[in-house]
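These notes concern the structure reproduced below.
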Amino acid sequence: MLFLIGTVANAQELTLKKARELMLEKNGEIKASSFEVKSMEEEQKATKGLRLPTVSLSGTYLNLDKDISANLNAERDMVGGLLSISEPAAVLGDWNFSLLDRNIGFASADISMPLYAGGKINAANKASEIKLDLSENNHRLKEDELTVNLITYFNKLKLAKEAEILRKEVYETVLLHSNHADKFFENGMIPEVETLNAKVALSNAKRELLAAKKDVALATTALKNLIGIDDLESISTVFSDPSILKPLNEFQIEMLKENKQLKTIERNYELAKVGVKVENSDYFPKVGVFGKYLLWKDNLPLVDTKWVVGVGVEWELFNGLQREHKIKASKYKVSQIEALDKQARLNLTTYTEKLYNEIEKQLEQFKSLKTDETFAKKLKFMRTRAFEEGTGTSLEVVDATLKLTEIKLHKIKALYLYNVAYGELMVRIGETESFLNEN
């Protein structure tokens, strides 16, 4: 029964890996980022449509101010004169012809399709592909950013819970010591000042315990908000002991190879090169085919044909040197991204070293504090025995207790800082799953 109860209790504990899974499912920022990816997927599909024909229906109905006519009566009179006709109007009639009624209408089906656009269609499709990759990479960057925050918040809650446990132990120890001091005073074994020292220490311990409880509540709220949940299961307060890492240069190589910020710069560089191709395409002609089929007409006697097809060509020979300047601007964009990439690599190398040094620093702190903890435990034991035997003071016992607590707090803080720095480093080099499996 005890084994089963323990198993169920452990199963209910929220691990860092499970917390990340919940965050990826519930967090609003990640949901918004995923919708951006879906939007770009549809944009890419829309761009592919540039290669396909466009089919449309159109209709027009016009009302003119008057009929369109041709008045040839002057020419009729001239003809009548040549033919020696004395009254041309009576003989030849009225030569004022109506060509088009004032009310006209027509409807048609139209189709058009580009055949060649100087490479602009290919460039547009390549650009949409790169933009989709960028949106996916930005989504992964958002996941990494929030994962780093999650590692910080999760470990901060573990730190707060550990601190609360320690503060409770201190409070209970000082309370027991205060009770002993009262009994010793009642039996005339110690002066009253010793009991006052114990009471002051007890008051301080209670205040620190209440503050620790508030820290736990605040850290819990922050973690719940980040994950996007209303209720938070219990989490393990055990920090894994730090271990020796591989050499710094190996981390730096992985950082420059796997970092998603560099991948973003790389894709932007490709997008800028596509931009140069787009501007160069304006030097070439645009060729397309089109067709029109007349579905309906009203009062259009001069239009007897039902359909028309053709090929159109447009070639802009001069546009005020706009093309030249746009090409130069797009090439400067390429140079700008090259400069950004170079600086980003230097920054990431330094950033990796900073995190690595923080990890080593906390590892050294932890090892040193473990040794100090052993000495502090022994000191507390000796101070307590001396007080009970009447050869030590209450102040010495309280001081030894607080020193031990301070060392323990520094030790778990070193573990907290180690895990936060190590987690951030692992996330940035693309080893998130490996880190989560270790915790």
> Do we have residue 317 as aliphatic (A, V, I, L, M), open to solvent by 50 Å² or more (accessible area, probe 1.4 Å), assigned to a helix (DSSP H, G or I) and on the phi < 0 side of the Ramachandran plot here?
Replying inline: no
> Can you tell me which of 121, 104, 130, 111 is in contact (Cβ under 8 Å) with a residue 60 or more places away in the chain and in contact with a Gly (Cβ under 9 Å, 6 or more places away or on another chain)?
Replying inline: 111
> What is the number of the single condition among (1) of a type in the set (Lys, Arg); (2) touching a Ser or Thr at 6+ places or on another chain (Cβ under 6 Å); (3) open to solvent by less than 40 Å² (accessible area, probe 1.4 Å) that residue 323 does not meet?
Replying inline: (2)
> Taking only pairs six or more apart or across chains, which ones have beta-carbon atoms under 7 Å, a first residue in segment 196-218 that is touching a residue at least 60 places away in the same chain (Cβ under 8 Å), and a second residue that is polar (S, T, N, Q) and surrounded by 14 or more Cβ atoms within 10 Å (Cβ to Cβ)?
Replying inline: 197/394; 198/178; 198/394
> Does at least one position in segment 163-174 carry a residue that is in contact (Cβ under 8 Å) with a residue 24 or more places away in the chain, within 23 Å of residue 397 (Cβ to Cβ) and basic (Lys, Arg)?
Replying inline: yes
> Out of all the residues in segment 60-84, which are open to solvent by less than 60 Å² (accessible area, probe 1.4 Å), aliphatic (A, V, I, L, M) and in contact with an Asp or Glu (Cβ under 9 Å, 6 or more places away or on another chain)?
Replying inline: 64
> Do you know which of the residues in segment 280-303 that are of a type outside the set (Val, Ile, Thr) and in contact with a Lys or Arg (Cβ under 7 Å, 6 or more places away or on another chain) is most open to solvent (accessible area, probe 1.4 Å)?
Replying inline: 293
> When only residues in segment 47-59 that are under 18 Å from residue 115 (Cβ atoms) and hydroxyl-bearing (Ser, Thr, Tyr) count, which is surrounded by the fewest Cβ atoms within 10 Å (Cβ to Cβ)?
Replying inline: 54
> Which ones in segment 204-223 are in contact with a helix residue (DSSP H, G or I) (Cβ under 9 Å, 6 or more places away or on another chain) and open to solvent by less than 70 Å² (accessible area, probe 1.4 Å)?
Replying inline: 204, 205, 209, 211, 212, 216, 217, 219, 220, 222, 223
> Given the conditions (1) acidic (Asp, Glu); (2) surrounded by fewer than 22 Cβ atoms within 10 Å (Cβ to Cβ); (3) modelled with pLDDT of 90 or more, and given that residue 169 satisfies all but one, which numbered condition is not satisfied?
Replying inline: (3)
> So which of 246, 306, 273, 277 is open to solvent by 50 Å² or more (accessible area, probe 1.4 Å), under 30 Å from residue 408 (Cα atoms) and of a type in the set (Lys, Arg)?
Replying inline: 246
>> On the basis of being surrounded by 12 or more Cβ atoms within 10 Å (Cβ to Cβ), assigned to a helix (DSSP H, G or I) and polar (S, T, N, Q), does residue 335 make the cut?
In response: no
>> Go through segment 228-243 and report how many residues are at negative phi and buried (at least 16 other Cβ atoms within 10 Å of the Cβ).
In response: 5
> Across segment 189-203, what is the number of residues that are closer than 18 Å to residue 385 by Cα and open to solvent by 60 Å² or more (accessible area, probe 1.4 Å)?
Replying inline: 2
> Restricting the search to segment 92-129, which residues are under 32 Å from the mean Cα position of the chain (by Cα) and of a type in the set (Val, Ile, Thr)?
Replying inline: 121
>> So in segment 338-367, with the set limited to residues that are open to solvent by less than 60 Å² (accessible area, probe 1.4 Å) and under 30 Å from residue 400 (Cβ atoms), which one is farthest from the chain's Cα centre (by Cα)?
In response: 366
> Is there a residue being open to solvent by less than 10 Å² (accessible area, probe 1.4 Å) and in a loop (DSSP other than H, G, I, E, B) anywhere in segment 418-433?
Replying inline: yes
> Which of the residues spanning segment 44-85 are polar (S, T, N, Q), in contact with a Ser or Thr (Cβ under 8 Å, 6 or more places away or on another chain) and assigned to a strand (DSSP E or B)?
Replying inline: 54, 58, 69
> Restricting the first residue to segment 146-162 and requiring it to be open to solvent by less than 30 Å² (accessible area, probe 1.4 Å), which pairs with a second residue that is outside any helix (DSSP H, G or I) and not aliphatic (A, V, I, L, M) meet a Cβ separation below 7 Å and a spacing of at least six or different chains?
Replying inline: 146/27; 158/237; 158/239
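Every residue, every condition in (1) open to solvent by less than 60 Å² (accessible area, probe 1.4 Å); (2) over 30 Å from residue 351 (Cβ atoms), yes or no:
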site: 376; (1), (2): yes, yes
site: 380; (1), (2): yes, yes
site: 399; (1), (2): no, yes
site: 406; (1), (2): no, yes
site: 411; (1), (2): yes, no
site: 437; (1), (2): no, no
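The values are calculated or read from the model by the stated rules, or taken from the named source; none is laboratory data. Because the structure is a prediction, the values reported are computed rather than measured. Counting neighbours? That spans all protein chains shown, and the Cβs are built from the backbone with ideal geometry, glycine included. Ligands, DNA and RNA are stripped out before the accessible areas are found, and what is left, the full protein with its side chains, is counted by its heavy atoms. Shrake-Rupley method; radii C 1.70, N 1.55, O 1.52, S 1.80 Å.
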